[in-house]
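Some notes on the structure that comes next.
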Amino acid sequence: MRIHTFTFNPFSENTYVAIFDDGTALIADPGMMGREEQAELADFINQNGLGPRWLVNTHGHIDHILGNRYCADQWQLGLLAHPLDLPTLQSGERVAAMYGLPYDVSPEPAGHLVHGQLLRTAEVEWEIRFAPGHAPGHVVLVCHSARLVLGGDVLFRGSVGRVDLPGGDGATLDGSIRTQLYTLPDDYTVLPGHGEPTTIGWEKENNPYVNTRQKGFFAAD
């Protein structure tokens, strides 16, 4: 498996394409806004002879779903997302209008991603872990064989997802990071929704918001 990263839209959101040895692919959090970004993704898919078969959202914030409709229509894909984030997904049209963003309304999920589920894609499988706090139905996808996490907006290098949006909560996010991410081995790579990759071990030691020294901004006194 290989992972290709695109950075799209005014929020500099990371869209990931997981490429499998049989030529199939998984698209995670497609954030393409407008025809130029749509063409960038499609050209990459076509030039590499890929056949996308899975479309997943870690959560439903607008910067992660701008390309849902395009991907669903272009490759006849059913969207997979956590059911608790359906209201977030459904608010996309309103939020896009608030920011003045062009937006083709996302299809509703064709299937659900729930905690403990194993999503099997070609030669690898992903463990779905429920990790709310940034969004009510946020999930992360853990590929143990590749020792990596598609992390959405839960954990960033030296930071965490914002908790001041509807459905956000700092204590919940703290708990999600500690129980769903920091329980993974230190060498697992986290591919976040924004910014550069990081590792579990580095964040446990250095993250100023949530760390294992109980000195983060979210840590209990």
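What follows is calculated from the coordinates using simple rules that are stated; it is not laboratory data. Quantities reported herein were computed from a predicted structural model and do not represent experimental measurements. Neighbour counts are summed over all protein chains in view; Cβ atoms, including those assigned to glycine, are modelled from backbone coordinates with ideal geometry.
Observations
- When only the Cβ of Lys, Arg, Asp and Glu is charged (+1, +1, -1, -1), the dipole of the chain relative to its Cα centre reaches about 340 debye.
- Within the listed set Thr183, Thr121, Thr198, the residue fluctuating most in the Gaussian network model of the chain (springs between alpha-carbon atoms under 10 angstrom) is Thr183.
- Counting every pair of alpha carbons in segment 2-206, the share spaced more than 27 Å apart comes to 22 percent.
- Cβ-based exposure ranking for His115, His59, His138, in which fewest neighbours within 10 Å come first: His115, His59, His138
- Highest GNM mean-square fluctuation among Thr189, Thr179, Thr15, for the chain modelled with Cα contacts below 10 Å: Thr179.
- Alpha-carbon Debye profile of segment 151-218, log10 I(q)/I(0) at 0.13, 0.14, 0.17, 0.23 Å⁻¹: -0.29, -0.34, -0.51, -0.96
- When peptides 38-44, 28-34 are sorted by average Cβ neighbour count within 10 Å, with the highest value leading, the order is 28-34, 38-44.
- Share antiparallel - DSSP beta bridges, segment 2-206, percent rounded to 5: 65 percent
- When both bridge partners sit in segment 19-88, DSSP labels roughly 10% of those beta bridges antiparallel.
- Under the criterion of Cα pairs below 8 Å and six or more residues apart, the relative contact order for segment 2-206 equals 15 percent.
- Calculation over all alpha carbon pairs of segment 26-139 in 5 angstrom steps from 0 returns a P(r) of 2, 12, 22, 24, 19, 13, 6, 1, 0 percent.
- Order of Leu113, Leu50, Leu66 - criterion: other Cβ atoms within 10 Å of each residue's Cβ, fewest first: Leu50, Leu113, Leu66
- Between 0 and 90 degrees, the angle of helix 34-47 with respect to the longest Cα principal axis of the chain falls at about 80 degrees.
- The residues packed around Ala28, meaning those with a beta-carbon under 15 Å from its beta-carbon, carry a net charge of -4 if Lys and Arg are +1 and Asp and Glu are -1.
- With R₀ fixed at 45 Å, the C-beta to C-beta distance from Gln214 to Glu123 puts the FRET efficiency at about 0.70.
- Distance from the Cα centroid of segment 9-74 to that of segment 90-152 is 12 Å (rounded to whole angstrom).
- Net +/- balance of residues flanking Ala96 in space, Cβ distance below 13 Å, scoring K and R +1, D and E -1: -1
- Positive minus negative residues near Gly170 (Lys, Arg vs Asp, Glu; Cβ under 11 Å): -2
- Comparing Val114, Val154, Val95 in a Gaussian network model of the chain where C-alpha atoms under 10 Å apart are linked, the largest mean-square fluctuation is found at Val95.
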